[in-house]
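J.: The structure under discussion is supplied below as structure tokens; questions concerning it will follow.
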Amino acid sequence: MKMAGNQKYEELHFVDSTKAVWNYSLFSDEDIRNFQNGTHYRLYRVFGNKQLEVLGTNGTYFAVWAPNATKVTVIGNFNHWDKDAHPLFVRLDKSGIWEGFIPHVNRGESYKYHIHGYNGVQVDKGDPFAHFWEKRPLTASIAWQPEYQWQDHSWIKEREKHNALDAPFSVYEVHLASWMRPDKYNEERYNSYAQITELLVPYVKEMGFTHVEFMPLMEHPFDGSWGYQGTGFFAATSRFGSPEDCMAMIDALHRAGIGVILDWVPSHYPYDAHGLFMFDGTHTYEYADMRKGFHPDWNSYVFNYERGEVKSFLISSACYWCEQFHADGLRVDAVSSMLRLDYSRSEGQWEPNRYGGNGNIEAIAFIKDLNETLYRDFPDVQVIAEEATDWPGISKPTFAGGLGFGMKWMMGWMHDTINYFKRDPYVRPHYQDQLSFSMMYFYNENFMLPLSHDEVVHGKSPMIYKMPGDDWQKFANLRLLYSYMFTHPGGKLLFMGNEFAATSEWNYKTELQWELLQYVSHSGMKNCVQKLNELYRNEPALYELQFVPGGFEWVDLDHRDAAVVAYKRKGHMKDDDVLVILNMTPVVRWDWTLYVKGKEQWKEIFNSNDASFWGTGDVYNPDIEVTLVDEETDTYQLKVHLPALGAIVLK
């Protein structure tokens, strides 16, 4: 055996020289300690497959963690899937890592690990650290190290200001397979990453969204999971092309000035035979106690956050997407299910923690370490929690007792808002508190307002059909809802198809109903969302203080019977203030009177009833009558015309 730094190699001689395996390692003692302690955050640099030249010979180095295995071999086309041909070496430090260098195995080779596991079980597993997988339904990993020359240097240099909490943050949520297809009704056909790039980048730019959020792009076997049941935590899905093609798509979005948020799922994974479940014949990545280790809602398995190696695996995955794919942020899925031991479990189906509570102590510690690591190593990204409970401090810093996320989805706002807008306008006066309640707790967190994919599936109906009234009223109501959303404090998220009022629930097997844009009602809705994004980006009062109490002020909540509400949004400069007035009934309010302090001149800068939005276009405010009524308090009376089921914004 010869030693070279932390690398060692020893050729094993077989009668058939093509079956040689060299004992070779990329691991240092420090790597092993950090891996086991849950503090190694770049495992992808040592695990998986690496195409190397060793002693003048090209080949691939393999390393996999299988602590309960008695034998691990690499199988693939290169050895005719011979389960005895290429055995790996187990490290003598009891780390459970199996490794070895196989000469003449080149980039692009498909492979799996054949594992002799606990109690004599034999399993064939994909590589948890692979960067490329065969296209489903095939399940092998591919020897591949992505090689891409990024061209987004200007974006990365200025990313901090795009991702700041005092910047506009308007997100277009996209499911890549079904956004647009080459054959609308053939779920087996996809646009490539390159084709999607040509179509998606100019569309998002035209619509004015600041960011795109991709539902999970990580490799997953089942289309119907939408990517949320993943097997490849370090691999972009091969459905649309190579890892480099995915990188090029993100690069193109960046060069167009658009940020990219990736959905990331550290909460659970499926039981597919080639995946992480029972990886070496026993519970390697998941809790062994199924009261903690099994998700009854999703028929999937929960990571063992108590195990250092699993924690290192997950945080390394998060860092991988930020470092190697230049992700501008991660939206962490199903945080509630990670935090609570009793999540979707009845009495007797869960065990309290050592203090008698329902919090998963090690999951909480993992989340804090995750956020501390990401914001330390990538301080200009955003980490966003999809968390649906009243758990305190989700988006507060860990040093202040929080979990350390940058933002949290405001699920309460979403439910209350949709429920309010579903109501017949004539009964809305009785439910005004449902609309105004969000500001009672808004400053508890840094909230993002989501109208996501979850609200337009499983019988919940598309957004347009949640609205009451005839056809015109449905569209007017939806324009009003969006106007309220874009002028309410917080980040914004709108799922694809919502922007033009899709009339069918989202279906992952087909594409969006792009044909609807031939109708003026739907193209008008698209124009409205485009103008709302423009308004949000161009008016500092709508974003500069969006998470600060001084950025919002109720102006009029006293006209409950008329279902008219008014509020101010404020920026750093008083002259930037905007006044938002919402008329929640199908009655035009001519010469509506309200009182505002501090300004004697106002002009209308947005009207949801604009004819270009498929509004009537005949109720607007070219000139606003303003009268000083109290000089001591600097109070002015305004008279404005309010369109039916309409929103106006004044400046």
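Readers should treat all values here as calculations from the given coordinates under stated rules, not as data from a laboratory. This is a predicted model, so every value here is computed, not measured. Note that we place each Cβ from the backbone using ideal geometry, even for glycine, and neighbour counts take in every protein chain shown.
J.: Can you tell me the length gained on complete extension of the stretch Ser521 to Gln151, counting 0.36 nm per residue apart and subtracting the Cα distance? Mind showing how you got there, number by number?
T.: Numbers: separation 370, 0.36 × 370 = 133.20 nm, distance 3.95 nm.
Separation in residues times 0.36 nm, less the Cα-Cα distance, equals 129.2 nm.
J.: Using a Cα distance threshold of under 19 Å, what count of lysine pairs results for the stretch 350-492 when pairs must be 8 or more residues apart or interchain?
T.: Here the count comes out as 9.
J.: Taking a cut-off of 17 Å between Cα atoms, list the lysines near Lys639, but don't count ones fewer than 8 places away on the same chain.
T.: Hits, sequence-local ones excluded: Lys568, Lys597, Lys599, Lys603, Lys651.
J.: Another question, if that's okay. If you average the alpha carbon positions of the stretch 139-174 and of the stretch 542-570, how far apart do those two centres end up, in angstrom?
T.: Answer, in whole Å: 34.
J.: For the chain, give me the percentage of DSSP beta bridges that are antiparallel, rounded to the nearest 5 percent. Can you show the working numbers first?
T.: On the way: 73 of 101 bridges.
DSSP beta bridges in the chain are roughly 70 percent antiparallel.
J.: For the pair Asp124/Leu138, report the inter-label distance in nm, with labels modelled 7 Å from Cα in the Cβ direction.
T.: 1.3
J.: I've got another one for you. Can you give the extra length, in nm with one decimal, that the chain gains between Tyr431 and Asp289 once fully stretched, where that is 0.36 nm per residue apart less the Cα-Cα distance? Spell out each step's value before the answer.
T.: Values: separation 142, 0.36 × 142 = 51.12 nm, distance 4.55 nm.
The Tyr431-Asp289 span can extend by a further 46.6 nm.
J.: Can you compute the charge dipole magnitude of the chain about its Cα centre, using +1 on each Lys and Arg Cβ and -1 on each Asp and Glu Cβ, nothing else charged? Give it in debye, rounded to the nearest 20.
T.: Details: 60 positive and 87 negative charges, 168 e Å.
Here the size comes out at about 800 debye.
J.: Now for a different question. Before rounding to the nearest 500, sum -39500 (n - 2.57) across all DSSP H runs of length at least 4 in the chain and divide by the residue total; then give [θ] at 222 nm in deg cm²/dmol.
T.: Working: 15 runs with 155 residues, N = 651.
That comes out to -7000 deg cm²/dmol.
J.: Then there's this: Could you tell me which GluC sites (Glu not before Pro) in the stretch 335-441 are loop residues by DSSP with no more than 14 other beta carbons within 10 angstrom of their beta carbon?
T.: Working: sites: Glu347, Glu362, Glu372, Glu386, Glu387; in loops: Glu347, Glu386, Glu387.
Here the sparse-neighbourhood loop sites are Glu347.
J.: Between 0 and 90 degrees, rounded to the nearest ten: what's the tilt of helix 361-377 against the longest Cα principal axis of the chain?
T.: The angle comes out at about 80 degrees.
J.: Report, in whole Å, the centroid distance computed from the Cα atoms of the stretch 48-124 and the stretch 349-404.
T.: The two parts, judged by their Cα centres, are 36 Å apart.
J.: Just need the Rg to Rh number for the stretch 157-275, please, alpha carbons only, Kirkwood Rh.
T.: Using Cα coordinates only, the ratio equals 0.98.
J.: Okay, next question. How big is the Rg/Rh ratio for the chain, C-alpha atoms only, Rh by Kirkwood, two decimals? Show your work: numbers first, answer last.
T.: Details: Rg = 27.6 Å, Rh = 26.8 Å.
With Rh from the inverse mean 1/r over Cα pairs, Rg/Rh is 1.03.
J.: For the chain, find the longest principal axis of its Cα atoms and tell me its angle to the long axis of helix 471-487, 0 to 90°, nearest 10.
T.: Roughly 70 degrees, rounded to the nearest 10.
J.: I'm checking a number: the convex hull volume of the Cα atoms of the stretch 550-650, normalised per residue, in Å³. What is it?
T.: On the way: hull volume 10.3 nm³, N = 101.
Roughly 102 Å³ of hull volume per residue.
J.: Here is a further query. Against the longest alpha carbon principal axis of the chain, how many degrees, from 0 to 90 and to the nearest 10, is the axis of helix 411-422 turned?
T.: 40
J.: Separate question: Pop a pseudo-label 7 angstrom from the Cα along the beta-carbon direction at both Asn37 and Thr635 and give the gap in nm to one decimal.
T.: 6.4
J.: Using 1/(1 + (r/R0)^6) with R0 = 56 angstrom and r between the beta carbons of Thr70 and Lys509, what's the FRET efficiency to the nearest 0.05?
T.: Values: r = 43 Å, r/R0 = 0.77.
Calculated transfer efficiency: 0.80.
J.: Could I ask something else about it? Give me the number: length gained by fully extending Val457 to Glu158, i.e. 0.36 nm times residue separation minus the C-alpha to C-alpha distance, one decimal in nm. Each step should come with its number before you reach the end.
T.: Working: separation 299, 0.36 × 299 = 107.64 nm, distance 3.69 nm.
Working it through step by step, the gained length comes to 104.0 nm.
J.: To continue, here is another question. For the stretch 304-453, evaluate the Debye formula with one uniform point scatterer on each Cα (no solvent term) and list log10 I(q)/I(0) at q = 0.12, 0.18, 0.19 Å⁻¹, rounded to two decimals.
T.: Debye intensities relative to I(0), on a log10 scale: -0.60, -1.11, -1.18.
J.: Convex hull over the alpha-carbon atoms of the stretch 259-354: what's its volume per residue in Å³? Spell out each step's value before the answer.
T.: Details: hull volume 11.3 nm³, N = 96.
Taking the convex hull of the Cα positions in the stretch 259-354, it is 118 Å³ per residue.
J.: Let me ask something additional. Give, in whole angstrom and from largest to smallest, the semi-axes √(5λ) of the equivalent ellipsoid of the stretch 160-542, with λ running over the eigenvalues of the Cα gyration tensor. Intermediate results must be reported in sequence, preceding the final value.
T.: On the way: eigenvalues 211, 128, 88 Å².
Equivalent-ellipsoid dimensions as semi-axes: 32, 25, 21 Å.
J.: Are there GluC sites (Glu not before Pro) in the stretch 602-651 that DSSP puts in a loop and that have at most 12 other Cβ atoms within 10 Å, and which ones?
T.: Working: sites: Glu604, Glu625, Glu631, Glu632; in loops: Glu631, Glu632.
Passing both the DSSP loop test and the Cβ count: Glu631, Glu632.
J.: Taking the Cβ of Trp98 as the center, what net charge do the other residues with Cβ under 10 Å away carry, scoring Lys and Arg +1 and Asp and Glu -1?
T.: Spelling it out: positives minus negatives among the neighbours equals 0.
J.: Give the cross-link partners of Lys135 among the lysines, using a straight C-alpha distance below 29 Å as the criterion and excluding same-chain residues fewer than 8 apart.
T.: Lys19, Lys50, Lys71, Lys83, Lys112, Lys125, Lys184, Lys311, Lys509
J.: Set the Förster radius R0 to 41 Å, insert the Cβ-Cβ distance between Trp472 and Asp558 as r into 1/(1 + (r/R0)^6), and round the FRET efficiency to 0.05.
T.: On the way: r = 29 Å, r/R0 = 0.71.
Computed FRET efficiency for Trp472 and Asp558: 0.90.
J.: Right, something else. Taking R0 as 51 Å, what's the FRET efficiency between Asp342 and Lys603 from their Cβ-Cβ distance, rounded to 0.05?
T.: Details: r = 54 Å, r/R0 = 1.05.
Efficiency for this residue pair is about 0.40.
J.: For the stretch 2-142, what percent of Cα pairs sit more than 17 Å apart?
T.: Numbers: 5793 of 9870 pairs.
That tail contains 59 percent of the Cα-Cα pairs.
J.: Residues with beta-carbon under 9 Å from that of Ala273, excluding Ala273: net charge, scoring Lys, Arg +1 and Asp, Glu -1?
T.: Numbers: positive: Lys125; negative: Asp124, Asp272.
It works out to a net charge of -1.
J.: Also: Considering the options Leu493, Thr633, Gln434, tell which one lies farthest towards the positive end of the dipole of the chain, charges being +1 on Lys and Arg and -1 on Asp and Glu at the Cβ, about the Cα centre.
T.: Leu493
J.: Here is a further query. Against the empirical 2.2 N^0.38 Å scaling, what ratio does the C-alpha Rg of the stretch 101-226 come to?
T.: 1.41
J.: Just need log10 I(q)/I(0) for the stretch 518-600 at q = 0.18, 0.19 Å⁻¹, Debye formula, equal scatterers on the alpha-carbon atoms, no solvent, rounded to two decimals.
T.: -0.94, -1.00
J.: If you take the Cα Rg of the stretch 435-526 and divide it by 2.2 N^0.38 Å, with N the number of residues, what do you get? Show your work: numbers first, answer last.
T.: On the way: Rg = 14.1 Å, N = 92, 2.2 N^0.38 = 12.3 Å.
The stretch 435-526 yields a ratio of 1.15.
J.: Also: Rg to Rh ratio, the stretch 382-474, alpha-carbon atoms and Kirkwood radius? Intermediate values should be presented prior to the final figure.
T.: Details: Rg = 15.7 Å, Rh = 14.8 Å.
My calculation puts Rg/Rh at 1.06.
J.: In the stretch 606-633, whose amide N lies under 11 Å from the spot 7 Å out along Cα-to-Cβ of Tyr595? List them in ranges.
T.: 629-631, 633
J.: Which ³J(HN,Hα) values in Hz, rounded to whole numbers, follow from the phi angles of the stretch 85-100 under the Karplus curve 6.51 cos²θ - 1.76 cosθ + 1.60, where θ = phi - 60° and Gly and Pro get x?
T.: 5, 10, x, 8, 9, 8, 5, 7, 8, 6, 7, x, 8, 10, 8, x
J.: Non-local amide H neighbours of Asp82 (under 5 Å, H modeled in plane, Pro and chain starts lacking H): which ones?
T.: Excluding prolines and chain starts, which carry no amide H, the hits are Gly76.
J.: While we're here: Find out how many positive minus negative residues lie around His641, taking Lys and Arg as positive, Asp and Glu as negative, among other residues whose Cβ is under 15 Å from that of His641. Each step should come with its number before you reach the end.
T.: Numbers: positive: Arg589, Lys603, Lys639; negative: Asp591, Glu604, Asp610, Asp618, Asp623, Glu625.
Local net charge: -3.
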